[in-house]
């Protein structure tokens, strides 16, 4: 465990990709099976512990620390695992203990602490019953030092976040044997921790593991945001355009296993198998191959907003009622394989033809093609983007968040290769609001006041008043963050734990120009509206608070956006 | 320095000898019927803490008539006061930073010697924070208040150790006033630096450290671990480091970095003010490893925010355990918390039956980060 902890610790401070790769390869080369395999599983998020959850850790630390001190510490550090790792009391320590009539026994009469191996941790977590687990984990925490505790807790909460993607970890393994990461990717879904077969193959000690998965995930190709200066560098005639749909990226794969049975899978863009959430869509995958598209909710042939889509997601039970109310739809825009043929090296224009033919054969209303947007010049496309309905987007125009530009000759490359695909989003809505509260951030922003609640004017009982309409924590640069943080500290009028209320009123206060993608009505917010993806677009140091926007500005945007139909609304009650 | 300005300050002096509190420590009198309330002795003003009975401020953030200064860090020791009373070392540090004319008049406070200022008695006692740092005890009408300034209990080869002064009211900082802050053994941290320097002999290790105190402590710790090569200094470190040496603290050979020679300093350890670890100045060294010596390095996000690759948890402030221990050691029935993570320490006091309140004082190293701007040393 200490070796794994040391690796995570070094990775977490190492900014350079190549250095990370070296650290990973060094670890894999010098760590025996099965220890290294479990480390690989941890970094590819392939470990799942049913009973070990953040709640268990909270429970343990709450028994040993004053809850108020823990709460303050957590708000400061901004990370549960790290807070617990740091605050965990050494045997016999009192300064963090809760003051109570009888201090709970801390259990230091146990035999001397034993530092576990990663394998031991993983195997124990998988087999120990829920009731025995707290004592086990507490024993490990007593035995480990701060770094070891941090690594253990990161493992249990499944949030390693040391700047290593699953892809990078697989790359390191592949490079042990001089292979490409894609070769590991293709057999990955047939493998299980601790991956002894895989290590044997890359080290030349065994055969290449069979991909027992007839419907494997292939890493998707991603786009770059289009910058203003790109237009001068790019030639419009080299590109094809599509709408950018406001949905969720999916990869649908279908094949046959060795017994000839049909295997159909739906993957998220990170390779997570989400088939179970979309049985209605799985049913429609009556083809052989893998296609790339956008998950949307379509009612009466009309694409619904992202707000509606969200109601289909993250449900524990996928009931017939949910499926009827939120019918899943796949709008496809690329094809990676067909039958046994890998099409990814073909130019996009060729793949598009193959895709059109395939969709015609699928012939299912739940799967359709994302139409191309005709244009001659960038100006044409800008006009289309500003008003999608004008170029045939029809009633779906509201579900479009911009355009995708794809080089006609681009191959399908995993990751985010430069120069092929661009996204050109619709301009966001803007509103001038007044900062009301600042809250300490988490992660990278820990201990900076980086989350700002802002409000707009409305008529209150005693004249005009500010009502909070949203909260934003990005959009500004690191330099601006320092200034905003200082502003919050110097204009504090009230403190509520990690939150500070700042000065605001007609004659004082800071105006923030907030950009956002959409609005929805909300009963949870005092103002009755909730913003989608709000961020600080500009800090208006110059603008008097009295000139910030009024709630009516938002009401108007809301009315424009409320065109979705709710066919089954009566059943919701 | 002009020296003695007793008349101007209106001071008279009486000396108790080296340890005025020896007898009190045995039978600490928390007077049951306090003649004076603590707020009669010390109040909060926009300039900082003020003693009306003695008519002086402690560590004022704006120019005042009479200032008592706990230590030389720039957020506590500012220039422009009319009269300043501080330890000899603190006065010298202020002169190094602000020039000899940083105040109209100055007076040295001898550690452990009580003196009368108006209707109160004051006494300076070592605080263990940096060279010359002192706690200030104010006593009147049977009530004793201790203003600790910044302090630490951990060992430091560059300054006198903290001395416990029993008191009725203890005024403490809380820079690291959360139980997640437990400073490790400094020797292990310095060894991390030496191990990394051995592992990457071609790279320069650039250590960000506050120009006053931390920088010299890191140098002294490196020497204690047997590192005998030159330790290179950023220009902003030079004069204060020379001052430490002139006070008899052995720091070995500490040449100033010559700008044109930076590319030849692979394998060297270089100490610079914290802001310089990220600026262009440090990029001219061969493949530099960015290190930072600070108590903040305990929190990962803090280290990453600063782009630190090798965090060294070395602090000149008390960690959580030492803050709590010190409050207990003073026997104070009342605690005021000046700055830092006030809320947690106040909560701890309250749950341990000690009256406590946060002062929310502004201007003191906003969470410890603004201390020591790079110009602090004068040049560079």
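The values are calculated or read from the model by the stated rules, or taken from the named source; none is laboratory data. Please read all numbers here as calculations on a predicted model, not as lab measurements. Methodologically, a virtual Cβ is constructed for each residue, glycine included, from the backbone with ideal geometry; neighbour enumeration extends over all protein chains shown.
Quick look at the values:
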item	result
Some residue of segment A:357-364 being in contact with a strand residue (DSSP E or B) (Cβ under 8 Å, 6 or more places away or on another chain), under 14 Å from residue A:334 (Cα atoms) and surrounded by 12 or more Cβ atoms within 10 Å (Cβ to Cβ)	yes
Single match in A:91, A:116, A:111 (criterion: at pLDDT below 90, more than 30 Å from residue B:353 (Cβ to Cβ) and more than 31 Å from the chain's Cα centre (by Cα))	A:111
Matching residues, segment A:379-405, being on the phi < 0 side of the Ramachandran plot and surrounded by fewer than 18 Cβ atoms within 10 Å (Cβ to Cβ)	A:379, A:380, A:382, A:383, A:386, A:387, A:389, A:390, A:395, A:397
Residue B:178, sole failed condition from (1) within 30 Å of residue B:118 (Cβ to Cβ); (2) under 21 Å from the mean Cα position of the chain (by Cα)	(1)
Exclusive hit being touching a helix residue (DSSP H, G or I) at 6+ places or on another chain (Cβ under 6 Å), closer than 30 Å to residue A:154 by Cβ and in contact (Cβ under 8 Å) with a residue 40 or more places away in the chain, set A:438, A:415	A:438
Considering residues of segment A:266-288 that are buried (at least 22 other Cβ atoms within 10 Å of the Cβ) and within 24 Å of residue A:170 (Cα to Cα) only, the residue modelled with the lowest pLDDT	A:267
Top-ranked residue in segment A:218-235 [being modelled with pLDDT under 90 and more than 30 Å from the chain's Cα centre (by Cα); ranked as nearest to residue A:422 (Cα to Cα)]	A:234
Per-region count, segment A:405-438, residues modelled with pLDDT of 85 or more and within 18 Å of residue A:513 (Cα to Cα)	9
Spans of helices (runs of 4 or more DSSP H) in segment B:264-357 with at least 1 residues in contact with a strand residue (DSSP E or B) (Cβ under 9 Å, 6 or more places away or on another chain) and within 14 Å of chain A (Cβ to nearest Cβ)	B:300-305, B:320-330, B:342-351
Those residues of segment B:66-87 which are over 15 Å from the mean Cα position of the chain (by Cα), touching a residue at least 40 places away in the same chain (Cβ under 8 Å) and surrounded by fewer than 24 Cβ atoms within 10 Å (Cβ to Cβ), in sequence order	B:83
Single unsatisfied condition, residue A:497 versus (1) over 23 Å from residue A:308 (Cβ atoms); (2) away from chain B (no Cβ under 14 Å)	(2)
Selected residue (only one of B:218, B:146 is touching a strand residue (DSSP E or B) at 6+ places or on another chain (Cβ under 7 Å) and part of a helix (DSSP H, G or I))	B:218
Test result for residue A:99, modelled with pLDDT under 85 and in contact with a helix residue (DSSP H, G or I) (Cβ under 6 Å, 6 or more places away or on another chain)	yes
Verdict on residue A:456 being more than 26 Å from the chain's Cα centre (by Cα), assigned to a strand (DSSP E or B), crowded, with 18+ Cβ neighbours inside 10 Å and at pLDDT 90 or above	yes
Output for segment A:259-279, where each listed residue is outside any strand (DSSP E or B) and touching a residue at least 12 places away in the same chain (Cβ under 8 Å)	A:269, A:270, A:271, A:274, A:276, A:277, A:278, A:279
Residue pairs meeting the criteria (Cβ under 8 Å; at least 6 apart or on separate chains; first in contact (Cβ under 8 Å) with a residue 40 or more places away in the chain, in segment A:54-65; second loosely packed, with under 15 Cβ neighbours inside 10 Å)	A:63/A:104; A:64/A:104
Residue within segment A:386-397 that is within 22 Å of the chain's Cα centre (by Cα), farther than 30 Å from residue A:548 by Cβ and either without any contact (Cβ under 8 Å) to a residue 40 or more places away in the chain or not in a loop (DSSP other than H, G, I, E, B) (or both) present	no
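Residues checked against (1) surrounded by 23 or more Cβ atoms within 10 Å (Cβ to Cβ); (2) in contact with a helix residue (DSSP H, G or I) (Cβ under 6 Å, 6 or more places away or on another chain); (3) in a loop (DSSP other than H, G, I, E, B):
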| residue | (1), (2), (3) |
| --- | --- |
| B:160 | no, no, yes |
| B:164 | no, yes, yes |
| B:173 | yes, no, no |
| B:176 | yes, yes, yes |
| B:179 | yes, yes, yes |
| B:191 | no, no, no |
| B:194 | no, no, no |
| B:211 | yes, yes, yes |
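Condition check ((1) over 28 Å from the mean Cα position of the chain (by Cα); (2) in a loop (DSSP other than H, G, I, E, B); (3) assigned by TED's automatic domain parsing to the domain that holds residue A:43) across all residues:
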site: A:175; (1), (2), (3): no, no, no
site: A:182; (1), (2), (3): no, no, no
site: A:210; (1), (2), (3): yes, yes, no
site: A:216; (1), (2), (3): no, yes, no
site: A:237; (1), (2), (3): yes, no, no
site: A:281; (1), (2), (3): no, no, no
